[in-house]
Structures are given as structure tokens and as C-alpha cells.
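Derivation of every value follows stated rules applied to the coordinates shown; laboratory data play no part. Just so it is clear, the structure is predicted and the values come from calculations on it, not from any experiment. We place every Cβ from the backbone using ideal geometry, glycine too, and count neighbours over all the protein chains shown.
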Amino acid sequence: MKFKALFSICLASGAFTAFAQTHVEGVEYYKADQLENARELLERNMNNSATDKAIANFYLGEIAMQEGNTDKAAAFFDKGIAANPEYGFNYVGKGAILLKKGDVKEAEKMFKTAEGKAKKDPAMHIQIARAYYGSDPAAYAKEIDKRLEKARRINIQAPEIFIFEGDMLADKKDWGNAGSKYEMAASYNPQGADAYVKYANLFTQVNPEYSIKMLKQLLSQNPTSALGQRELANAYYNNKDYENAALEYGKYVKNPNHFKQDEDRYAFLLFYGKNYKQGYDFATALLNANPANFTARRYQFMNAAQLPEMKGNMLQMAEELYAAHKSNAANKFAPIDYTLIAEEFQMAKRPQEAISVLEEAMKENPENAAFNKQLAMTYVDQNDFNKAAEAYRGYLQKIGEPGYNDFIQQALFSYFAGVTSKENDPALAESNFNEAGEYADKAAKILPDNYKPKKIQGDIAKQRASKEDVEKAAAPLYTEAITLLEASKDPSRYASDAKEMYNYMGNYYLDQKDVAKAKEFFNKYLIYDPNNEDYRKFVEKL
């Protein structure tokens, strides 16, 4: 039976003298159905002085068996027997291979040899039962029951019995009864990590709080269990409790039996938990230990971007990170990497490099609208409003349901694209003005009481007018816009637009020989620019 291992990501080292590194940790992971993790620890710790090579080879053989590689499994079992002929479980492994090949009599001989090495060990009978179960549960049902009964006669409370029964029930998707079996196993062996973890995994989606409770109970009994530490951290993570997840990962990565990929998740949690200084220091330590650690470089940069004191280092870090990314196809970016690097190039007045980064980001993340928006603003800084308008159109298409501000922004980009192309490409300019007007209308439908769409329409009218008509072309639209602006709750927020329209309308009424009306608008202008003495003197002379 295999439970799907909990997803994980990665971080680093320290002083680990409090923890042993033996076969035990790998066995824990195997019993919790995490084969890859079990293999890594068993191989990593194989040559440590305290590792029992007979046990380590047995479990490596069991992993090979579950992967269907009986030749590799046989080699491990033989190594285990050579290391310690009195450790009977490797004979069970060889018997399981014989069962797979259909040689039942020879398999039974192997089981008998194994049993002779540990006659009063219920775990031996359960392992033999597992060999039959792994070969053909239906065909060997009697043999399985026989071994279960022998184990019960030796010790009815042996946790291995309940774990095996729970596994069989879980294979039938009888989760409730499987959980009960695992709970009983934990009660009879409070330090046995596999029972707690299997039980917690049954509830991790439907009742994560209960899973957390079980794993905390395990660690209260077995505080140095790397498996328990990791699973508790993951349980918090799956429950979106990132603060406690980071806390538990911080403990776990100090265990020498942690996995390198889990260092990434810890770095992730420090960043998204806004522990930027701690995250920066942690990633820097990893990078110092291994300058090729691309993930550490990413999180170092991401955390540094949030620290004001790192401002002077950001450009160089962005260059180094982007170079590492481009030098190796395996060095993948997340969207945030592209965003932050492009920002650094843009602030350094290197817009072409920022554009290249964002174009790559859009290629790799075609559904991410934020890159279109950032690209549009990058083009604005270059006064290339045609490309800004084009990039922003892509943004509107991707977000699905644009709002008022989205339509206004597109109207403005299109308007300025029209203004900047008017002299050299009148046809393109007219197309841009048409688009600007259409988006202003769309915005007006959402907020009909807002002045801005009318103001934009007035701006467009001025651009389209002949030289003779420029001073009057926008007057009707600006009049409507001013009425809406003055009726708004806080017209002072829009001082720049207000001054532009008041000045225009003042001059319009001067041309109409209506001095009183002109002075009215010029005085409104002065409300927003009271220290403009030249303007004030001009108005007083009227």
C-alpha cells in the first residue's frame, strides 16, 4: 500500500550533534509509505557507524520490490544476509521474490528460515503476511490469516498487527476503520512514527486540525523524529497556517535527516511570512555553502528586495540572478522573479533589458496579465505610447472583466499614442483616438458620474480640431466634465485635471468676449494654485 507523500519544497544546515544518523530514520519513512525519501536516507546513512547494514539493506530491498525490480531487491537482501545472517527479515524478502516467481515451496522454506531467526517476534509473522499480501492477497488469504493469528498469539497488542490491518483496510478505501487501526497501533507504540503519520494522512484534507493534533502527539513522544517534524510542518502548510509551518520547518531543517528540497519550502515560508531578514540570512547561508544553489539565490534576492538597507545591492543581485537563470534551462523562474528583476532594470534606466525580461515572462506565463501591465508602464517610461497601448490591450484581454480604472488607463494610453503619432502617422493617430474614445465611453457606462471620461473625450476633441478651433473644440465636453468634477466628494484630488480644464474654459470665454465668465474660471484655477502670482496678476488685469 502506498499513500501519496505530502508535497514539499527546500532549506539548510547548522549544528546537528543532537541527532543521530542511522538506518532508523530511513525505516521510519519507508513505514510511512514514502519510498523515495526512505531510499535517500538509507543510502545517505548506510556507512555511518551506528547504521545496521542488515536492516538498511532489507528496506532498500523492500523499496526495490515495490518498484517491481526483483533482481535489485535480491541483491539488497543478499547484502543484508552477508552483513548479519541472524537478521531474519532478509530471508522474508527472498521468499517474497520466490512467491512472485511462483515458486511457493522454496518461498515457504525461506519463510521458515526467517521464522527460525525470530520465533517470538510478531513483526516477523506480519512481514511474512505482507509477503503473501504483496504477491496475491486473494490466493494467499489463508496464509495471511494464519500469520496474523500467530502474531496475535505472541502479542495481541503488537502495533505491527494493527498497522498491517489498517493498510489492508486503506487499500479497500475503508478510511474510517483504517484510521481506527492506526490509532490503536499508536496507542500500543507511542513512539512509532508510522502509525501517527498514516493516521494523520487520512485526515489531512478533511480535518487538517486533527492531523496536526496527531502529529504533535507523535512529537511529544518522539521529539527527534525527522519524519514527524516534516509531516507536522507540512500539515500546517496544507492548512495554510504559514506562520506555524515556518516555525516547524525551522526546527526540522536543523535535523541532519532533513531533505534538501524541504529547504526551499522553508525559504518560501520565510518570504511569504514576511520574515525577510531571516529569509535573507538563511538563503545567504545556503548560497555561501553552495554558490550554484539557484533556489537560494532566488530567495536571497526576493527577500533582499523587501529590505531597505539592501537597496544598493539590488541591481547587482538582479544581474547575477538573471545570468544564472539564462545560463541553465533547469533554472526556472516564478512570476515574482521576472517582476522584481524587471523593476531593477527599469529603475537603473535600462528599459530594453526590462522589456526583454518581461517578454520572456509573458512567453513563459501567457495567462499572467500582470506582465502586460508592467510592460505597458515600461514603455510609458520610454514615451512609446503605441507599444504601451498594445501591451495594455493584452492585459485587458487576459483579466476577463475589466473595471473602470482599467478602461480609463487604456483610454489614456491610446490617447497619448494618438498624440505622439499624430505628426508622422495621422492614420494611426486617428485609430488611437477612436480607441481612446471607445474606452472612455466604456468607463463612463460603469461610473456615469465620474468626470474623467468626459475630460478624455474633450482632450481627443482638441487633438482632432484644426488650429483655428482648438480653443473651442473641447468646451462642451469640458463643461460637462467640470460639472461632474465639482459635484464629486473630493474634487481637490483631481487638481491637475481641474486646473487644465479651468484654464481652458477661461480662455474659451475670453475668446467669446465674456470676461466675467472667463474670470470665474480663472479664479477657480487659482483655488488649486494660490501661489501663482503671475497668473493672479493676469486675472486682476481682466
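Roughly speaking, what % of Cα-Cα pairs in region 473-542 are separated by over 21 Å, rounded to a whole number?
Numbers: 500 of 2415 pairs.
That fraction is 21 percent.
If you average the C-alpha positions of region 317-335 and of region 444-520 separately, how far apart do those two centres end up, in angstrom?
Cα centroid to Cα centroid, the span is 50 Å.
Within 10 Å of each residue's Cβ, count the other Cβ atoms and sort HIS325, HIS125 from fewest upward.
HIS325, HIS125
Simple spin-label model, 7 Å along Cα-to-Cβ: ASP52 to LYS513 in nm?
Reported label-point gap for ASP52 and LYS513 is 11.3 nm.
Would you please put 179-186, 397-404 in order of how densely packed they are, using the mean number of other Cβ atoms within 10 angstrom per residue and starting with the highest?
Output ranking for 179-186, 397-404: 179-186, 397-404.
So, R0 is 41 Å and r is the distance between the beta-carbons of ALA141 and GLN205; what FRET efficiency does that work out to, to 0.05? Don't jump to the answer; show the numbers that get you there.
On the way: r = 32 Å, r/R0 = 0.77.
My answer for the efficiency is 0.85.
Hey, with R₀ at 41 Å, roughly what FRET efficiency would LYS251 and GLU106 work out to, going by the Cβ-Cβ distance, to 0.05?
Using R0 = 41 Å, I get an efficiency of 0.25.
Short version: ³J(HN,Hα) in whole Hz for each residue of region 272-283, in order, from phi by Karplus 6.51 cos²θ - 1.76 cosθ + 1.60 (θ = phi - 60°), x for Gly and Pro, what are they?
Once θ is set to phi - 60°, the couplings for region 272-283 become 6, x, 6, 8, 5, 5, 5, x, 5, 5, 5, 5 Hz.
Counting other Cβ atoms within 10 Å of each Cβ, which trypsin sites (Lys or Arg not before Pro) in region 450-542 have at most 16 and sit in a DSSP loop? Kindly include the intermediate steps, with their values, before the conclusion.
Working: sites: LYS454, LYS455, LYS462, ARG464, LYS467, LYS472, LYS489, ARG493, LYS499, LYS513, LYS517, LYS519, LYS524, ARG536, LYS537, LYS541; in loops: LYS467, LYS489, LYS513.
Here the trypsin sites (Lys or Arg not before Pro) that fit, given the DSSP loop and packing criteria, are LYS467, LYS489, LYS513.
Counting other C-beta atoms within 10 Å, and keeping those with at most 14, which DSSP coil GluC sites (Glu not before Pro) do you find in region 53-100?
The qualifying sites are GLU67, GLU86.
Along region 521-529, what does the Karplus equation 6.51 cos²θ - 1.76 cosθ + 1.60 (θ = phi - 60°) give for ³J(HN,Hα), rounded to whole Hz, x for Gly and Pro?
Per residue, the Karplus-derived 3J(HN,Hα) values read 6, 5, 5, 5, 4, 5, 4, 8, 9 Hz.
Taking amide H positions as placed 1.01 Å from N in the peptide plane, with prolines and chain starts having none, which residues 5 or more places from ASP52, or on another chain, fall under 5 Å of its amide H?
It is HIS23, by chain and number.
With 14 Å as the cut-off, how large is the P(r) tail for region 196-265, expressed as percent of Cα-Cα pairs?
The proportion of pairs with Cα distances above 14 Å equals 52 percent.
Would you mind computing, in nm to one decimal, how far apart the modelled labels at LYS422 and GLU67 are, each placed 7 Å from Cα along Cα→Cβ?
Between LYS422 and GLU67, the label points sit 7.1 nm apart.
Mind checking region 80-116 for chymotrypsin sites (Phe, Trp or Tyr not before Pro) that DSSP puts in a loop (not H, G, I, E or B) and that have at most 12 other Cβ atoms within 10 Å? Numbers along the way, then the final one.
Values: sites: TYR87, PHE89, TYR91, PHE111; in loops: TYR87.
Here no chymotrypsin sites (Phe, Trp or Tyr not before Pro) fit, given the DSSP loop and packing criteria.
Which of TYR415, TYR249, TYR528 has the fewest other C-beta atoms within 10 Å, and how do the rest follow up to the most?
The order, fewest Cβ neighbours first, is TYR528, TYR415, TYR249.
Go through region 491-508 residue by residue and turn each phi into a ³J(HN,Hα) via Karplus (6.51, -1.76, 1.60, θ = phi - 60°); whole Hz please, and just put x for glycine and proline.
Those phi angles translate into x, 5, 5, 10, 4, 4, 5, 4, 4, 4, 6, 5, 5, 4, 5, x, 5, 4 Hz.
How do 302-312, 366-376 rank on mean C-beta neighbours within 10 Å, highest first? Please report the intermediate quantities before stating the final value.
Working: 302-312: 15.4, 366-376: 19.2.
Ranking the peptides 302-312, 366-376 by packing returns 366-376, 302-312.
Please rank GLU209, GLU319, GLU165, GLU25, fewest neighbouring Cβ atoms within 10 Å first, as an exposure proxy. Mind dumping the intermediate values first?
Details: GLU209 10, GLU319 16, GLU165 20, GLU25 27.
Ordered from fewest to most neighbouring Cβ atoms within 10 Å, GLU209, GLU319, GLU165, GLU25 come out as GLU209, GLU319, GLU165, GLU25.
For the chain, go through all pairs of different Cα atoms, get the mean of 1/r, take its inverse, and jot down that Kirkwood value in Å.
Details: mean 1/r = 0.0341 Å⁻¹.
When all Cα pairs of the chain are included, the Kirkwood radius is 29.3 Å.
Please work out the ratio of the alpha-carbon Rg of region 52-156 to 2.2 N^0.38 Å and round it to two decimals.
0.98
Can you compute the modelled spin-label distance between VAL470 and ILE399, with each label point 7 Å from Cα toward Cβ, in nm?
For VAL470 paired with ILE399, the spin-label model returns 3.3 nm.
Using Cα-Cα distances under 8 Å and only pairs 6 or more residues apart, what relative contact order does the chain have, in percent?
With pairs under 8 Å counted, the relative contact order is 8 percent.
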